[in-house]
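A short write-up of the structure that comes next.
None of the figures in this text is laboratory data; all of them are computed from the coordinates on show. A quick note: this is a predicted structure, and the numbers were derived from the prediction, not measured. We place every Cβ from the backbone using ideal geometry, glycine too, and count neighbours over all the protein chains shown.
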Amino acid sequence: MIEVSAVSKVYDSSAGSVEVLNGLDLQVASGEAISIVGPSGSGKTTLLNILGTLDKPTSGAVKIGDQVITELDEINAAQFRNQTIGFIFQLHYLLPQCSVLENVLVPRLAGGWTESAADSQARAEALLKEVGLKDRITHKPFQLSGGEQLRVAIARSLINTPKIILADEPTGSLDPVSGERVADLLLETNLSKGVALVVVTHNATLAGKMQKTYRLEGGKLG
Ligand SMILES: Nc1ncnc2c1ncn2[C@@H]1O[C@H](COP(=O)(O)OP(=O)(O)OP(=O)(O)O)[C@@H](O)[C@H]1O
Ligand SMILES: [Mg+2]
């Protein structure tokens, strides 16, 4: 499903150049759940951004399904991302002026979908029910707890039925019990929908729940 070959990333700026990834290889099978751990600054977010077509490597290639994503131009990358990948960021970027339901529907706003608005809304409501928020759909994000906001972000990441979910520190700001529930929710999604899951985390319990754990250090995975 995901095939990363010899990916290197160097950030160049007037402040100097930083080599973050150095000939990194990774393979993730369809429906597999993996975690990536490693020290702060080791390049975990950089790697997720490259997997998610939000950034390009300095050299090397990433293939997702049949598509070499590192060759896509901006417009095709955006379309590919919208149709294939669900993102869960630590700062989940919910739109403050929109309701919970509207936030989940944001990824439907991009073109290329044939589903009716009513059907999209029905699926958004079903996803919010799955994450335990069916009574909160007309609330605004600020009226929810941090864990509840994260669950909105999880529902949003699933609305386009992605093949891959990329999650960056999804439990970072949560207490252990809420963190556990979010971890279980992600794994349930992985199992029931066959979505591949790549989770970056400092949380050893969360990392240990995935089928494989890789450590990013010195620009490579071990
Ligand atoms: N745009 C940029 N320009 C220059 N350096 C950058 C840029 N983005 C990230 N870096 C550097 O690249 C390195 C890796 O950053 P990255 O955010 O991928 O680390 P991380 O493993 O996600 O860390 P954390 O666990 O703290 O989130 C860091 O040293 C960071 O300072
Ligand atoms: Mg990071």
GNM top mover of Thr138, Thr58, Thr114 - the chain, alpha-carbon springs below 10 Å: Thr114
The ³J(HN,Hα) series, computed from each phi in the stretch 140-148 with the Karplus coefficients 6.51, -1.76 and 1.60 at θ = phi - 60°, rounded to the nearest Hz and given as x for glycine or proline, is 9, x, 5, 8, 10, 6, x, x, 5
What list do you get for Phe142, Phe80 if you sort them by fewest beta carbons within 10 Å? Phe142, Phe80
For the stretch 83-97, Karplus couplings with θ = phi - 60° (6.51, -1.76, 1.60), whole Hz, Gly/Pro x: 8, 10, 10, x, 10, 10, 9, 4, 8, 7, 6, 6, 7, x, 7
Over the chain, relative contact order from alpha-carbon pairs under 8 Å, at least 6 apart, %: 31
Just want the ordering: Arg81, Arg181, from fewest to most Cβ atoms lying within 10 Å of their own Cβ. Arg181, Arg81
Find how many whole Å separate the alpha carbon centroid of the stretch 4-48 from the alpha carbon centroid of the stretch 146-188. 22
Too long for a 29 Å Cα-Cα cut-off, among Lys129/Lys220; Lys134/Lys212; Lys163/Lys212; Lys129/Lys209; Lys56/Lys129, are Lys129/Lys220; Lys134/Lys212; Lys56/Lys129
How are the alpha carbon pair distances in the stretch 2-221 distributed across 10 Å bins from zero to the largest one, expressed in percent? 8, 33, 36, 19, 4, 0
Ellipticity estimate at 222 nm from DSSP helix runs (n ≥ 4, -39,500 (n - 2.57)) divided over the chain, nearest 500: -10000 deg cm²/dmol
The chain, Gaussian network, Cα under 10 Å: of Leu158, Leu150, Leu191, the residue fluctuating most is Leu191
